[in-house]
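First the structure, in the form of structure tokens, and then the observations on it.
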Amino acid sequence: MRASDQERDAAVELLSAHAAVGRLTLDELEERVSAALAARTRGDLDAQLRDLPQQAEVPAGRRKAVRWMVAVLGGSHRRGRYRLAGAVNVIAVMGGDDVDLRDAELDGGHVTLTVVSIMGGADIYLPDTVEVEVSGWSLMGGDREVGVRQPPRRGAPVVHIRSYNVMGGSNIYRLPPNARGLPLKEARRVAEATGRRQLPAQD
């Protein structure tokens with residue numbers, strides 16, 4: 001049976017609801033949503049929902065939410081599956097933070113990262129299909145966005161990065177689907193290569 005636009009939209013809404021209660025990571029959500037939006041049949045849609053309950057209720061025993069990531073005279077590395085609180089503080093003082101959001105769980109589909117960098121910085125990795133808002137200010141430093149800036153999909157999770165830098169800054173890597181599961185070094189290369197391909201031709 002062919003799937004309708006309404007059925008595809010309903011599947012996307014259900015997937016988003018499951019991600020909001022921790023059953024899907026950011027990368028898993030974007031992968032399944034991409035497949036659901038491209039689904040031709042109801043069977044294709046069912047394949048994206050088969051291992052999920054019909055109702056997106058909060059599961060018992062959820063992992064504790066991360067609220068702080070701190071690197072002072074060294075580095076901190078946050079990767080793998082973990083749960084983010086709605087507001088997270090990322091501090092780097094003469095050090096650096098690796099913040100890999102691909103396997104993170106976002107409560108409610110939204111997170112605000114307040115990034116403070118003093119003679120240091122943070123590398124932030126996230127799928128290029130989510131909505132990214134960057135604000136803040138820099139003194140003798142700044143932020144760099146690597147990858148492709150494209151309109152986020154409708155209803156995509158929102159990551160707001162509030163970046164405050166003194167002689168430091170953050171690198172924000174927008175990773176395409178072919179960077180899923182790659183180690184950070186390789187993921188950076190993919191984002192940089194993808195961004196170069198999207199640059200306008202020079203006269």
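The values are calculated or read from the model by the stated rules, or taken from the named source; none is laboratory data. As the structure is a computational prediction, the values presented were derived from the model and not from experiment. Here Cβ is always computed from backbone atoms with ideal geometry, including for glycine, and neighbour counts include all displayed protein chains. Each accessible area value is taken on the protein alone, full model and side chains, heavy atoms only, with ligands, DNA and RNA left out. Shrake-Rupley method; radii C 1.70, N 1.55, O 1.52, S 1.80 Å.
Could you please find all residues in the stretch 1-23 being touching a residue at least 24 places away in the same chain (Cβ under 8 Å) and part of a loop (DSSP other than H, G, I, E, B)? Let's see the steps before the verdict.
Going residue by residue through the stretch 1-23, those that are touching a residue at least 24 places away in the same chain (Cβ under 8 Å) are 1-3, 7-8, 11-23.
Answer for the stretch 1-23, where residues must be touching a residue at least 24 places away in the same chain (Cβ under 8 Å) and part of a loop (DSSP other than H, G, I, E, B): M1, A3, V21, G22, R23.
Condition check: in a strand (DSSP E or B), out of contact with any Ser or Thr (no Cβ under 9 Å at 6 or more places or on another chain) and open to solvent by 20 Å² or more (accessible area, probe 1.4 Å). Does R67 satisfy that?
yes
Given the criteria of a type in the set (A, V, I, L, M), over 30 Å from I118 (Cα atoms) and surrounded by fewer than 16 Cβ atoms within 10 Å (Cβ to Cβ), does A10 qualify? Write out each step before concluding.
Working: of a type in the set (A, V, I, L, M): yes; over 30 Å from I118 (Cα atoms): yes; surrounded by fewer than 16 Cβ atoms within 10 Å (Cβ to Cβ): yes.
Taking the combined requirement at face value, the residue satisfies it.
Which of the residues belonging to the stretch 35-52 are under 24 Å from the mean Cα position of the chain (by Cα) and open to solvent by less than 80 Å² (accessible area, probe 1.4 Å)?
A35, A36, A38, A39, L45, A47, Q48, L49, L52
Residues D97, D123: which one is in contact with a Ser or Thr (Cβ under 8 Å, 6 or more places away or on another chain), surrounded by fewer than 22 Cβ atoms within 10 Å (Cβ to Cβ), among the acidic types (D, E) and assigned to a strand (DSSP E or B)?
D123
What number goes with the only condition from (1) of a type outside the set (A, V, I, L, M); (2) surrounded by 14 or more Cβ atoms within 10 Å (Cβ to Cβ); (3) at pLDDT 90 or above that P152 does not pass?
Among (1) of a type outside the set (A, V, I, L, M); (2) surrounded by 14 or more Cβ atoms within 10 Å (Cβ to Cβ); (3) at pLDDT 90 or above, P152 violates only (3).
Any chance you could count how many residues in the stretch 157-181 are within 17 Å of the chain's Cα centre (by Cα), farther than 29 Å from E13 by Cβ and surrounded by fewer than 22 Cβ atoms within 10 Å (Cβ to Cβ)?
1
Restricting attention to the stretch 71-94, and to residues there that are in contact with an Asp or Glu (Cβ under 9 Å, 6 or more places away or on another chain) and more than 22 Å from R180 (Cα to Cα), which single residue is surrounded by the most Cβ atoms within 10 Å (Cβ to Cβ)?
Selected residue: V90.
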